[in-house]
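The values are calculated or read from the model by the stated rules, or taken from the named source; none is laboratory data. Computed from a predicted structure; not experimentally measured. Neighbour counts run over all protein chains shown; Cβ positions are idealised from the backbone, glycine included. Accessible surface is based on the protein model in full, side chains and every heavy atom, while ligands, DNA and RNA are left aside. Shrake-Rupley method; radii C 1.70, N 1.55, O 1.52, S 1.80 Å.
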Amino acid sequence: MDTGPPVQKLYQQIARKIAAAIAGGRYATGDKLPSERELADDFGVSRPTIRDAMIALEFQGLVEARQGSGVYVSAAPQNPEDAAESEVSALELTEARRLFEGEACALAAAIITGEQLALLDRLATDMAGDNAPEEIERSEQEFHLAIARATGNAAIVAGVEDLWTLRQQSPRCAATLRRARVDRGGDFVDQHRKIAAALRERDPKAARQAIHGHLTQLINDLLALAELDAVEQMRQKMAEQRRLLASRTDI
């Protein structure tokens, strides 16, 4: 039975409305958008919802956040309908990767070449360098794709590529994974080096366990972030309630 298109999350709806306003000329390229509080009041939503909408628009290249200044329009959307892609959560994506990439890594362990192992070592070193977040993420993506290619199976390569493409097309997912990586710091790099070491031992079981350990830790980090976000949202809600109560008392 056709249940119709999936219902968009609230922040996606807001992102689409703002993109439509940009496309309609309300905000021109270079214009500064209203403040987070003003947009929250205009749309009747919370500030965290506006913040998530801005993240989605920034990943689409429509707006640019400037430190200490605000958010500015950087481009008009070719199609406002594309401004808020269908989202997959960071947790959903990581769970799928754990299932799929674990077996790919085990298969690669038996046939990976010395040249491919050297590439993994270089990419792990790049991840440890003082590079921009985007460059580190590209190195991580190439690391995991290199393992898929080492299997010699085109279908596996396509499957892993699809998972990483899904991440790129899901702005909130990508932003959440970036937060998790930054919070983990050096542990993130060490986990990738352990994967490469297990592959070097030509041990499929150890290789599977290494990548499972990496992605299981990521899942735990994502759950911890979700708890922190829930506490922060509750704190903001209580602060807003106190502000409203104080304003009524002053009347």
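Report the local net charge at V63: Lys and Arg +1, Asp and Glu -1, summed over other residues whose C-beta lies under 11 Å from its C-beta. Each step should come with its number before you reach the end.
Values: positive: K32, R66; negative: D31, E58, E64.
Residues close to V63 contribute a combined charge of -1.
Given the rule -39500 (n - 2.57) for each run of at least 4 DSSP H residues, summed and divided by the residues of the chain, what is its mean residue ellipticity at 222 nm, to the nearest 500 deg cm²/dmol? Display every interim value, and only then the final one.
On the way: 10 runs with 181 residues, N = 251.
Mean residue ellipticity at 222 nm (helix-derived): -24500 deg cm²/dmol.
First select every other residue whose beta carbon is under 12 angstrom from the beta carbon of T94; then total the charges, Lys and Arg +1, Asp and Glu -1.
Details: positive: R97, R98, R167, R181; negative: E92, E95, E101, D221.
Net of charged neighbours comes to 0.
Pick out which of A239, A19, A148 has the largest mean-square fluctuation in a Gaussian network model of the chain, springs linking Cα atoms closer than 10 Å.
Largest GNM mean-square fluctuation: A239.
Tell me which lysines have Cα within less than 22 Å of K32's Cα, excluding those fewer than 8 residues away on the same chain?
By straight Cα distance, K32 reaches K17.
Would you kindly calculate the translational diffusion coefficient of segment 127-213, applying Stokes-Einstein with the Kirkwood radius from alpha carbon pairs, for 20 °C and a viscosity of 1.002 mPa s, and quote it in µm² s⁻¹ without decimals?
Numbers: Rh = 13.9 Å.
This corresponds to a translational diffusion coefficient of 154 µm²/s.
Report, to one decimal in Å, the Kirkwood hydrodynamic radius for segment 167-228 based on all distinct Cα pairs.
Answer for segment 167-228: a Kirkwood hydrodynamic radius of 12.5 Å.
Can you tell me which lysines have their Cα less than 20 Å from the Cα of K237? Leave out same-chain residues fewer than eight positions away.
K9
For the chain, return all DSSP H helices satisfying: extent of Cα atoms along own axis at least 27 Å; mean Kyte-Doolittle hydropathy at least 0.5. Please report the intermediate quantities before stating the final value.
On the way: long enough: 90-111 (31 Å, 0.61); 204-250 (69 Å, -0.45).
Result, helices passing both filters: 90-111.
Where a Cα-Cα gap under 17 Å defines reach, which lysines qualify for K194, not counting those fewer than 8 residues away within the same chain?
Of all the lysines, those that pass the test against K194 - Cα under 17 Å, at least 8 places apart if same chain - are K205.
Determine the per residue accessible area of the chain with all protein chains present and a 1.4 angstrom probe, expressed in square angstrom. Show your work: numbers first, answer last.
Details: 13870 Å² over 251 residues.
For the chain, the solvent-accessible area averages 55 Å² per residue.
Could you give the spread of the C-alpha atoms of the chain along their three principal axes, from largest to smallest, in whole angstroms?
The principal-axis extents, from largest down, are 73, 48, 41 Å.
Of V45, A210, A20, which is farthest on the positive side of the dipole of the chain, counting Cα position, with +1 on Lys and Arg Cβ, -1 on Asp and Glu Cβ, and the Cα centre as origin?
V45
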